[in-house]
Every structure is written in structure tokens, then in C-alpha cells.
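Okay, structure first, notes after.
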Amino acid sequence: MGKNASGVLANLKWPRLFVGLQGVKLADVPREFSAGITLAALMIPLNIGYAQVAGLPPVAGLYAAIIPLAVFALLASSRHLVTSPDASMAGLVGAALVVFAAPGDPMRLQYALALALIIGVLFFIFWIFRLAFLANFLSRAVMTGFITGLGIEVLTNQVRKILAAPHASDGGSAALQAAQQLHDTMATSMHTEGYFLELVALFDSIPNANLWSVAIGVSAFLIVRLMKRYTPRIPGALVALVLLTVVVAYFDLSAKGVGVLGAMPSGAPTLTLPSIPLSDYLRLLPGALAIVAILLCEGLLVVRSYSSKYNYKVDGDQMLFAWGAANVAAGFTGSLVTGNSPSRSAAMDASGTRSQLPSLVAAGTILVVMLFFTETLAYLPNAALAGIVANAVLSLIEVHHLRVLWRMRRSEFWIAAVCLLSVLVLGPLKAVLIAFLLSTIDVIRRASRPDTSVLLEAPDGSHFIPADIGDAASSSGLVIYHFGAPLYFANSTLFFEQVEEMVIDTPTPVRWFVLDAAAITDIDITGGEVLKRLIGILSDRKITFAISRADRTFRSWLEKYELMDLIDPLHFYPTNRHATAAFRKDQEKAIVESEEKPV
């Protein structure tokens with residue numbers, strides 16, 4: 001075991017510093033510096049809002065944009081991905097912490113820091129064992145449903161903050177009481193998150209909404225939307241926050257029920273050690289695994305899209321190390337878990353940046369804000385922050401992609417729909433498990449029903465035409481069967497049943513059966529047993545068994561399962577045309593021999 005561990009460590013590909021800064025020329029520095037200031041302007045309001053989504057102090061969101069952001073920028077191999085808290089990740093963090101401490105409880109921040117450390121360690125483990133490929137196992141449909149569900153949940157919470165309606169003391173309307181009773185009844189058999197109960201309560205609270213708060217929240221939302229459309233290079237979130245903070249202060253709207261952020265500690269982040277029981281680290285592990293899974297899948301999709309767009313290579317395993325280091329830094333500096341920000345990455349791309357330098361500039365800018373301007377941040381209206389976050393969350397609700405799935409592939413649409421509803425009904429953490437389960441089922445389903453066909457020779461003999469198994473009766477006595485996947489336990493039954501159908505349930509006796517093995521790159525034990533049984537059945541029926549287009553790997557599996565002795569060495573053919581020619585020669589020989597026999 002010690003030798004294996006030392007071997008793994010010896011083969012580690014250690015990360016290289018400053019890869020994300022490569023290619024920056026002196027002439028590019030002014031543009032990159034200006035983009036960094038813009039990035040800081042985007043991060044300040046959004047990071048505060050996402051910290052509130054997670055139920056943490058606003059300063060935790062701002063700290064995430066200082067040391068963790070700088071660490072990631074120095075280690076990342078992607079020149080475009082911006083690391084930062086975002087809506088989906090904040091929702092997952094909030095869900096992971098809900099059983100440990102309520103929002104407002106000082107211990108909630110301690111558990112959040114411990115969660116960041118665990119996430120960092122998990123990323124390091126994934127880096128050591130080079131597990132970046134796991135990102136391929138959550139399909140686009142699964143991610144669409146999961147992220148859309150998170151977006152809907154976070155959006156609902158932001159609308160509630162904008163309404164700023166007091167809690168009903170009489171239990172609410174009849175509809176709300178009925179929804180509560182239904183939720184309580186369901187909770188006796190299964191644990192649900194109560195999203196639809198919250199939705200009913202939200203509609204029930206509309207008559208009691210604070211109109212000043214609604215005006216501030218809707219104004220923030222509209223300012224950001226309009227500026228994004230007409231002045232995309234100006235950070236609309238910062239403009240909305242500055243304007244509406246002035247409005248709230250000038251008209252003293254805080255006295256009329258418009259909540260403000262309140263006092264924040266000033267100064268740079270300091271070394272912080274989470275103070276929670278050691279046993280609770282294990283309890284945090286499932287939530288940390290769920291967050292790592294989503295960050296990994298979402299992040300590598302964004303990373304690969306930019307590397308493809310700008311034609312440079314990204315080391316996926318080094319990205320794992322960068323995420324791990326950033327989150328360990330977050331855990332030790334009082335910060336919210338940091339992940340991927342597709343929206344801010346897109347904003348930096350639109351500004352023309354080509355490196356991680358803007359992230360370093362943004363980290364320095366936000367450090368200056370934390371040192372000298374925290375008193376100003378205390379007057380930020382909560383409704384404006386909610387409106388800004390609500391605008392950002394809309395990009396997570398992928399209605400267009402759901403429509404595409406519905407139109408192009410209904411089975412994947414229903415997978416996305418199940419993931420979406422799982423987030424809302426069961427909660428994000430359980431929904432991650434369901435997402436992985438659905439992805440696994442989908443992979444097995446596809447592998448168990450591979451593309452199979454009978455290959456029929458074209459009339460002019462120039463090529464072979466694939467035909468469905470049941471519709472391709474051969475009048476010549478030759479069957480060429482193409483099996484389009486590795487042969488293993490999930491599809492071996494289909495393989496055997498289709499071969500039986502072709503050689504038994506056929507009006508014309510089959511004389512030769514040729515297996516086109518071009519796509520059979522692997523055979524497990526079950527597949528080997530089925531193949532052995534098939535060869536025996538064909539032999540009993542006096543049907544010649546031949547193999548075409550088999551590569552070295554296929555032959556090695558036949559040798560491993562001791563099947564080569566059951567197959568004539570002369571019946572391996574490089575192409576289907578060679579196999580067809582051999583069949584015709586064999587039939588001509590059989591005709592000649594039958595004619596020479598005495599009557």
C-alpha cells in the first residue's frame with residue numbers, strides 16, 4: 001500500500017504558476033487593468049448578495065474576492081475563467097449548512113469555513129488521482145435541470161426579500177394553511193424541502209409587501225437589465241447600487257421599512273480557523289462532495305469552451321488544484337466557498353481580456369474597499385442587492401435549452417425535468433445524488449441498446465448498406481452482423497437475442513455468420529460467456545462463424561477467454577468485402593463437390 005501511494009505521488013504532475021498570465025504583453029496591461037476594475041465593480045454587489053443567499057455575513061462574500069481570487073488566478077491554467085461565488089453554489093452551500101446552523105447564527109460561518117476546507121481537500125484528492133474526467137458523467141440535460149432548479153429556488157428567495165413582507169401572525173390564508181397541511185402530511189413519509197409551500201406563502205404575502213422595498217428592488221433589476229442591453233461595458237450592478245443607495249439615504253427609506261446591509265467589519269482578511277467539533281467534518285462531507293461535483297462539471301464546461309474558442313490548451317487536472325487551493329484559502333480567511341462564475345467570465349471576455357490579470361487587479365481593488373470604504377457599504381439597500389442577484393439568477397434558468405431538449409430529444413427533457421423537480425421538492429443535495437443516478441442510468445441505457453444492423457452488399461458490390469435486424473432477410477445464406485459497442489453484461493442479452501433471430505427465425509438457411517467486430521473494443525466476462533455460447537450454437541447448426549475488422553484488442557480478449565481455439569484462424573478477415581468473397585468461394589466449392597458426388 002505504501003509503494004502504491006508513493007507511486008501515485010511520484011507520478012504527480014505538479015502545477016505551474018502563472019500559466020493563466022501567459023501571453024500578456026506590455027501593450028495589453030492598460031486594458032487588463034481596466035477590466036480588473038470593472039470585475040471588482042461586478043463582484044462587490046454580487047458577492048454580498050450571494051453571501052446572503054448562503055445565509056452568511058456579507059463580508060464572507062467580499063473576502064472570497066481577495067485571497068481566494070488571487071490564489072486561483074496564480075494557479076489556474078485557464079486564462080478566462082473567473083472564480084467567485086455564484087448563485088448555484090451559494091444555494092448549495094446554504095442547503096449544506098441548514099442542518100448545522102440557521103442564518104444569523106455565528107456558528108453558521110464556522111461551518112461554512114469548514115465546508116470550504118473540505119471542498120479544497122476533495123479537489124486536491126481529485127487532482128492527485130487525476131479525476132477531472134468525472135466531469136463527463138453529468139450530461140448536459142442533467143446539468144440543465146439541476147442548475148435551472150437551483151435558479152428557480154434562489155430567484156424565489158430574492159423575490160421574497162424584495163417584497164419585505166412581515167410574517168403572517170394568523171397562519172395566513174386558507175390556501176397557505178392547506179399547503180402547510182399537505183406538506184406536513186407528506187413529511188410523515190418522506191423529507192421534503194417545502195419549496196411549493198414557500199411559493200404559496202410568497203403569493204400570500206404580496207398584499208402585505210412593502211411598496212418602497214418593491215420599488216427599490218424592481219428598480220435595481222430594471223437598471224441592470226437595461227444597462228446590460230444598451231451599455232454592456234458599464235457595470236450596471238454597481239450603478240444601480242450607487243444610485244439606489246443614494247435614494248434610500250436621501251429619502252430616509254430605511255425608516256419606512258427598506259432594510260439596509262448594516263455595519264461591516266473593515267480591514268483585510270485574517271487567518272481564521274473553523275471552530276467546530278471534529279465529528280461534524282464527516283457530517284459536512286456529503287454536502288461538500290455534492291458541491292465539488294457541480295463545481296467540477298460546470299467549471300470544466302466553461303473552461304473547455306474558452307480554450308476551444310481561443311485555441312489554447314488547458315490542463316484539467318491543474319484546474320482541480322487551483323480550485324482546491326482557492327477553497328483552502330477561503331476556509332482560512334473567513335470566506336464563502338468559491339467556485340465558477342460564467343457570467344463574470346463572459347463579462348471579462350467581452351471586455352477583451354486574455355489572462356487572469358484582471359482577477360489580480362480586482363482582488364487588490366476589493367482589498368482597498370475593505371480597508372477604507374466599509375462604512376459606505378453599510379448603507380446598501382437589501383432590496384437592491386436582491387434585485388441584482390435576481391437578475392444574475394435569470395441566466396441559470398435555461399428555458400431555451402429545455403425547449404431544445406423537448407424538441408430534439410424528449411427522453412433527455414424528462415431527465416432534466418426530474419432533476420429540476422428534485423431540487424425543488426427534495427433539496428439540492430439529494431438532487432445531486434439523483435442527478436448522478438440519472439446520468440448513470442442514461443449511460444447504461446444507451447450502452448445496453450447500441451447501434452446494431454445487418455450489412456447488405458449493394459447491388460454493384462461497391463459498399464455495404466446497413467439494415468434493421470428484422471427487415472433484412474438474406475437470400476444468399478450470408479449474414480454480416482455489425483454490433484456497435486463493447487460487448488458486456490448490459491448489452492450481451494441483446495447481442496444473443498438478435499443473433500438468434502438472424503440465424504434461427506429466418507426463411508433462408510444461414511450458412512455463414514460474420515461478426516463485424518470493428519466497434520467491439522472490450523468484452524467483459526459475461527460478454528465472453530455469451531460469445532462462447534453463440535459459437536457453440538452456430539457450430540451445432542453447421543453454420544460457419546467468421547469475424548471481420550477485428551483489431552488487436554478484440555483478439556486479445558478472445559485469447560484471454562480461451563475462445564480462439566473455437567474459431568478457425570482462417571476465418572478472420574480484414575474487411576467485410578474479404579469475408580463476402582471467402583463466403584462465395586466456399587459456396588462455389590460446395591457446389592462443385594456436390595456435383596462430383598455419385599448419384
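The values are calculated or read from the model by the stated rules, or taken from the named source; none is laboratory data. If you're wondering where the values come from, they're calculated on a predicted model, not measured in any experiment. Backbone-built Cβ (ideal geometry, glycine too); neighbour counts: all protein chains shown. Remember, those area values only see protein heavy atoms, side chains included, never the ligands or the DNA or RNA. Shrake-Rupley method; radii C 1.70, N 1.55, O 1.52, S 1.80 Å.
Restrict the check to segment 159-169 and report whether at least one residue is of a type outside the set (Gly, Ala, Ser), modelled with pLDDT under 90 and open to solvent by 20 Å² or more (accessible area, probe 1.4 Å). Within segment 159-169, one or more residues are of a type outside the set (Gly, Ala, Ser), modelled with pLDDT under 90 and open to solvent by 20 Å² or more (accessible area, probe 1.4 Å). Every test in (1) closer than 30 Å to residue 211 by Cβ; (2) crowded, with 22+ Cβ neighbours inside 10 Å; (3) small (Gly, Ala, Ser) is passed by residue 378 save one, and that test is (2).
Whether any residue in segment 498-511 is more than 19 Å from residue 452 (Cβ to Cβ), modelled with pLDDT under 95 and β-branched (Val, Ile, Thr) is what I want to check. Looking for residues that are more than 19 Å from residue 452 (Cβ to Cβ), modelled with pLDDT under 95 and β-branched (Val, Ile, Thr), one finds at least one in segment 498-511, hence yes.
To keep it simple, each residue is scored yes or no on (1) over 16 Å from residue 85 (Cβ atoms); (2) open to solvent by 10 Å² or more (accessible area, probe 1.4 Å).
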| position | (1), (2) |
| --- | --- |
| 302 | no, yes |
| 313 | yes, yes |
| 316 | yes, yes |
| 321 | yes, yes |
| 332 | yes, yes |
| 341 | no, no |
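One residue stands out among those in segment 77-124 that are closer than 15 Å to residue 323 by Cα and touching a Phe, Trp or Tyr at 6+ places or on another chain (Cβ under 6 Å): the one that is surrounded by the fewest Cβ atoms within 10 Å (Cβ to Cβ), which is 80.
A quick yes/no check of all residues on (1) assigned to a strand (DSSP E or B); (2) in contact with a Cys (Cβ under 7 Å, 6 or more places away or on another chain); (3) closer than 15 Å to residue 495 by Cα:
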{"residue": "514", "(1), (2), (3)": "yes, no, yes"}
{"residue": "529", "(1), (2), (3)": "no, no, yes"}
{"residue": "534", "(1), (2), (3)": "no, no, yes"}
{"residue": "542", "(1), (2), (3)": "no, no, no"}
{"residue": "553", "(1), (2), (3)": "no, no, no"}
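Can you name the residue in segment 555-571 that is of a type in the set (Asp, Glu) and outside any loop (DSSP other than H, G, I, E, B) and, of all such residues, is farthest from residue 491 (Cα to Cα)? Applying the filter and picking the extreme gives 565.
Against the numbered list (1) modelled with pLDDT of 90 or more; (2) within 24 Å of residue 73 (Cβ to Cβ); (3) part of a helix (DSSP H, G or I), residue 305 comes up short only at (1).
Residues in segment 251-292 that are closer than 30 Å to residue 212 by Cα and among the hydroxyl-bearing types (Ser, Thr, Tyr) were compared, and the one that is nearest to the chain's Cα centre (by Cα) is 266.
Restricting segment 545-566 to residues that are open to solvent by 20 Å² or more (accessible area, probe 1.4 Å) and small (Gly, Ala, Ser), the residue that is farthest from residue 518 (Cα to Cα) is 556.
Among the residues of segment 124-147, none qualifies, meaning not one is closer than 17 Å to residue 53 by Cβ and among the small types (Gly, Ala, Ser).
Restricting segment 475-497 to residues that are more than 18 Å from residue 537 (Cβ to Cβ) and among the hydroxyl-bearing types (Ser, Thr, Tyr) leaves a set whose member that is modelled with the highest pLDDT is 488. Whether any residue in segment 574-581 is touching a helix residue (DSSP H, G or I) at 6+ places or on another chain (Cβ under 8 Å) and either open to solvent by 80 Å² or more (accessible area, probe 1.4 Å) or closer than 23 Å to residue 456 by Cβ (or both) is what I want to check. Looking through segment 574-581, none of the residues is touching a helix residue (DSSP H, G or I) at 6+ places or on another chain (Cβ under 8 Å) and either open to solvent by 80 Å² or more (accessible area, probe 1.4 Å) or closer than 23 Å to residue 456 by Cβ (or both). Of the set (1) surrounded by fewer than 24 Cβ atoms within 10 Å (Cβ to Cβ); (2) small (Gly, Ala, Ser); (3) assigned to a helix (DSSP H, G or I), all apply to residue 352 but (3). Among the strands (runs of 3 or more DSSP E) confined to segment 400-507, the ones with at least 1 residues that are open to solvent by 30 Å² or more (accessible area, probe 1.4 Å) and in contact with a helix residue (DSSP H, G or I) (Cβ under 7 Å, 6 or more places away or on another chain) are located at 452-457, 464-467. Take residue 455 and tell me if it is farther than 30 Å from residue 498 by Cβ and in contact with a Phe, Trp or Tyr (Cβ under 7 Å, 6 or more places away or on another chain). No, not satisfied. Would you check if residue 386 is surrounded by 19 or more Cβ atoms within 10 Å (Cβ to Cβ), in contact with a Gly (Cβ under 8 Å, 6 or more places away or on another chain) and part of a helix (DSSP H, G or I)? Yes: the conditions hold for residue 386. Inspect segment 125-135 for any residue being surrounded by fewer than 24 Cβ atoms within 10 Å (Cβ to Cβ), basic (Lys, Arg) and under 30 Å from residue 439 (Cα atoms) and give the result as yes or no. Among the residues of segment 125-135, at least one is surrounded by fewer than 24 Cβ atoms within 10 Å (Cβ to Cβ), basic (Lys, Arg) and under 30 Å from residue 439 (Cα atoms), which makes the answer yes.
Filtered by the rule that a residue be in contact (Cβ under 8 Å) with a residue 60 or more places away in the chain and not basic (Lys, Arg), segment 477-516 gives 477, 478, 480, 512, 514, 516. Looking only at segment 171-193, decide whether some residue is modelled with pLDDT of 85 or more, in a helix (DSSP H, G or I) and closer than 29 Å to residue 291 by Cα. Checked segment 171-193: no residue is modelled with pLDDT of 85 or more, in a helix (DSSP H, G or I) and closer than 29 Å to residue 291 by Cα. Among the residues of segment 210-257, those that are among the aromatic types (Phe, Trp, Tyr) and surrounded by fewer than 17 Cβ atoms within 10 Å (Cβ to Cβ) comprise 230, 250, 251.
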